[in-house]
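Asks: This is the structure I have questions about; it appears just below.
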Amino acid sequence: MTTVGAAGILLGKELRLEFRSRELLSATIIFALVVVVLFSFAFDPTAAESRRYGPGLLWIAFLFAGSLMLNPSFSREQTNETLDALRMAPISPFAILLGKMLANFIFMSVAELVLVPVFAVLYNISIVGIVWRLVLVLSLGTTGLVVTGTVFSAVSAQARMRELLLPLLLLPILTPLLIAAVESTASLFQEQPSLDRTRVAFLAGFDIVFLTASWLLCDYLLED
Amino acid sequence: MKGRLAYTGITAALVFFAGYAALFLAPDEATMHAVQRIFYFHVGSWNAMFCALFVVFCANVAYLLTRKQKYDALGVSGVEVAVMCCTIGLVTGPLWAKPVWGIYWTWDARLTSTFILWLLYIAYLLLRGLLEDPEKKASLSAIFGIFAFLDVPMVYLSNRLWRTQHPQPVILGGAGSGMAPMIAKVLVLCIVAMFFLMVLVFIDRYRLEQLRNECEELRFEIESRSAQVQSLPPSAAQRMSS
Amino acid sequence: MPANANSAGFPSSASPLGISFQNVEKRFGALAALRGISLQIEPGEFVALLGHNGAGKTTLLRIAALLMNPSRGSVGFISAAKDGHRDGAAHGPECKPKHAIGMVAHSTLLYDELTAAENLSLFAKLYGLGEIADRVAGALRDCGLESRAGSLVRTFSRGMRQRLAIARALLHDPSILLLDEPAAGLDRQGLVWFSAKLAALKQAGCTIVMSTHARNESLELATRAVALATGSVKQDSGTAGDPRPLLASLRAEA
């Protein structure tokens, strides 16, 4: 059983569990929407201000919603100790981690697919000419969020106060990702949209570094 | 013991002399005058902090590879010392900034990055506080420590690349650019003194952690010996105690 | 049906395996769960692991299941060829025959929000088994849950969940079966089924380690009794010995 094969099987399991209840996904989307709407109540931005602060707001909404969504990733496995069952199976620990990362990536992407058009409508930002570049930036940013978030979900599931601990661990680590993603998105929302190679490279670099670190450390992460 | 006493003596002398030099020997700076003297300690604490963090990273990796408790002790000691240095830096900065720039804080690259660093390593300490089993505490905080250290260069890089549109107050005129020789010498002395001080506190904290672990081990030994005695038949137990 | 086939009709391809504990210690902070346990379980033995709560039975089983590493010491696996001769070499600690180990734990190890069939299919896939649909159907038929194959485990009674948990552990024809108080929660019908299954497995040469602190019919099948107390082996009837005196004396205490 290859790692990728096992990860695929576990991905199927995660998707099946989620689409049966759909509670996590809907809660994530609603929460992100609430953040977006709250911003407009708190700041009452003009059109120019929306354009200026929009990208930051979008990514903050994703990060907050993501930190909440990533928690159940591993804490769900604690009912009936199903994580033990997975660890006993003849699959590598990284397969377990990878399966969850892929599932979380899909969930976040679905949430983003709903949120970005809504956001564009609420803040009068046209995304017509920049769709594919925006998708690239969103994917790279989401990958970073999901990779570190899944690892920290495994960490915080074993600690007390895990709902509070996960954002506490995750958000400081993600600040470089946030900066790069916001800058990239901002340059795409401008009159003359452009996509800087440095920013994309940075995001990709961030993802690669932390994915590699997860792969190297996964044995220690999941052992009892 | 002798070595430690000697080291403490050297450190005390260095710190005393550095303090004296910073306050009295160094010439008064042209524009900022007396308040500028904070920078001697400000810069020193950053340098000490980064050295401590590097040691923490090595200790974290060593723990995961060898599972020896001493590396965990080294890790937590280093983080506490680094957080202390960082706090000193973050506090002395605004104290200096207010009279000089008129504001306590600005979100420029360096300050923002360092603040995030402080948050990262406070999170490390909080994580340890929320884990009970000692082995879990050690391995999970080692994992987080490694992630945090990998993040540090990225934090600084991202801030440097993309936070330059904010006004950049000139901190020292760039450290080392056109500094009077005397100021440079005192600066180096203070950096060295802060480094020695950091190492002293680090070692002390490490020894404290080791002593705590030793106590736990002794308690464990006593408890397991008494359990052994209890499980023996009465005659054997009597023979053991006489 | 061949002698070492499971009741679904699939031949058991696993060769018998035994477990060797060498000076295994396990500490949780200040708590010593296991103190220097050295135990050799030969392939094909049926060991009843006895002891009060807190004696270390669950910890020992979890270490055997490769879920936990000992603080000190090691656990290895002894293999025997199909014709019953030992190959003489105990496999080292690096050997992790996860495909050959099945465990029934305190928790059910099942996903409540998946159906019984989905749970079994998932684990069948993870263990790399073939002919999954047939195998799963056969296992559900065997444990009497065929009619509830499409129901979520969340809707099952305690007894049904335990039966499914046992079915899950046996799905991949393990050579080593680790049972942590497996009779808990089983109803009358389930107990009968379970005893029959154990007898069949013992016949097929499976190594079974069952921890229990209450009397239970399956203990009749045991070939050896090991009693733990405060993390050490207090009594052991041995591979060649008679477990019944030990079982009887402990039953009286319980």
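The values are calculated or read from the model by the stated rules, or taken from the named source; none is laboratory data. These numbers come from a predicted model, not from an experiment. Note that we place each Cβ from the backbone using ideal geometry, even for glycine, and neighbour counts take in every protein chain shown.
Asks: Considering the stretch A:95-124 alone, what residues qualify as being β-branched (Val, Ile, Thr) and surrounded by 20 or more Cβ atoms within 10 Å (Cβ to Cβ)?
Replies: A:Ile96
Asks: Let me ask another. Among the residues of the stretch C:94-121, write down those that are acidic (Asp, Glu) and not in a loop (DSSP other than H, G, I, E, B).
Replies: C:Glu118
Asks: Condition check: surrounded by fewer than 17 Cβ atoms within 10 Å (Cβ to Cβ), among the hydroxyl-bearing types (Ser, Thr, Tyr) and within 14 Å of chain C (Cβ to nearest Cβ). Does A:Ser21 satisfy that?
Replies: yes
Asks: Please determine, by comparing only the residues of the stretch A:170-192 that are among the aliphatic types (A, V, I, L, M) and over 17 Å from the mean Cα position of the chain (by Cα), which one is farthest from the other protein chains (Cβ to nearest Cβ).
Replies: Selected residue: A:Leu188.
Asks: What's the number of the only condition in (1) assigned to a helix (DSSP H, G or I); (2) more than 16 Å from the chain's Cα centre (by Cα); (3) modelled with pLDDT of 90 or more that B:Leu131 fails to meet?
Replies: (1)
Asks: On to the next question. Looking for something farther than 21 Å from A:Leu170 by Cα, buried (at least 21 other Cβ atoms within 10 Å of the Cβ), of a type outside the set (Lys, Arg) and modelled with pLDDT under 85 - is there at least one such residue anywhere in the stretch B:102-124?
Replies: No.
Asks: Scan the stretch A:161-183 and give yes if some residue there is in a loop (DSSP other than H, G, I, E, B), free of Cβ contacts under 8 Å to residues at least 40 places away in the same chain, surrounded by fewer than 22 Cβ atoms within 10 Å (Cβ to Cβ) and not basic (Lys, Arg), otherwise no.
Replies: yes
Asks: Let me ask something else. Checking the structure you have, find out if any residue of the stretch C:228-241 is under 14 Å from C:Glu181 (Cα atoms) and surrounded by 21 or more Cβ atoms within 10 Å (Cβ to Cβ).
Replies: No; the residues of the stretch C:228-241 include none that is under 14 Å from C:Glu181 (Cα atoms) and surrounded by 21 or more Cβ atoms within 10 Å (Cβ to Cβ).
Asks: I've got another one for you. Which of the residues spanning the stretch C:151-178 are part of a strand (DSSP E or B), crowded, with 23+ Cβ neighbours inside 10 Å and of a type outside the set (Val, Ile, Thr)?
Replies: Selection gives C:Leu177, C:Leu178.
Asks: Any residue in the stretch A:65-84 that is of a type in the set (S, T, N, Q) and over 30 Å from C:Leu109 (Cα atoms)?
Replies: Scanning the stretch A:65-84 turns up no residue that is of a type in the set (S, T, N, Q) and over 30 Å from C:Leu109 (Cα atoms).
Asks: Give the stretch C:206-245 a look and list any residue that's under 21 Å from B:Ala227 (Cβ atoms) and either free of Cβ contacts under 8 Å to residues at least 12 places away in the same chain or not assigned by TED's automatic domain parsing to the domain that holds C:Leu191 (or both), or say none.
Replies: The answer is C:Gln235, and nothing else.
Asks: Within the stretch A:193-224, how many residues turn out to be within 14 Å of chain C (Cβ to nearest Cβ) and not in a helix (DSSP H, G or I)?
Replies: The total comes to 2.
Asks: In the stretch C:15-61, what residues are assigned to a helix (DSSP H, G or I), over 24 Å from B:Gln69 (Cα atoms) and within 14 Å of another protein chain (Cβ to nearest Cβ)?
Replies: Answer for the stretch C:15-61, where residues must be assigned to a helix (DSSP H, G or I), over 24 Å from B:Gln69 (Cα atoms) and within 14 Å of another protein chain (Cβ to nearest Cβ): C:Thr58, C:Leu61.
Asks: For the stretch C:112-131, name all the residues that are free of Cβ contacts under 8 Å to residues at least 24 places away in the same chain, more than 7 Å from chain A (Cβ to nearest Cβ) and within 22 Å of the chain's Cα centre (by Cα).
Replies: C:Ser121
Asks: What are the residues in the stretch B:174-199 that are modelled with pLDDT under 85 and more than 14 Å from B:Val43 (Cα to Cα), if any?
Replies: Those that are modelled with pLDDT under 85 and more than 14 Å from B:Val43 (Cα to Cα): B:Ser177, B:Gly178, B:Met179, B:Ala180, B:Pro181, B:Met182.
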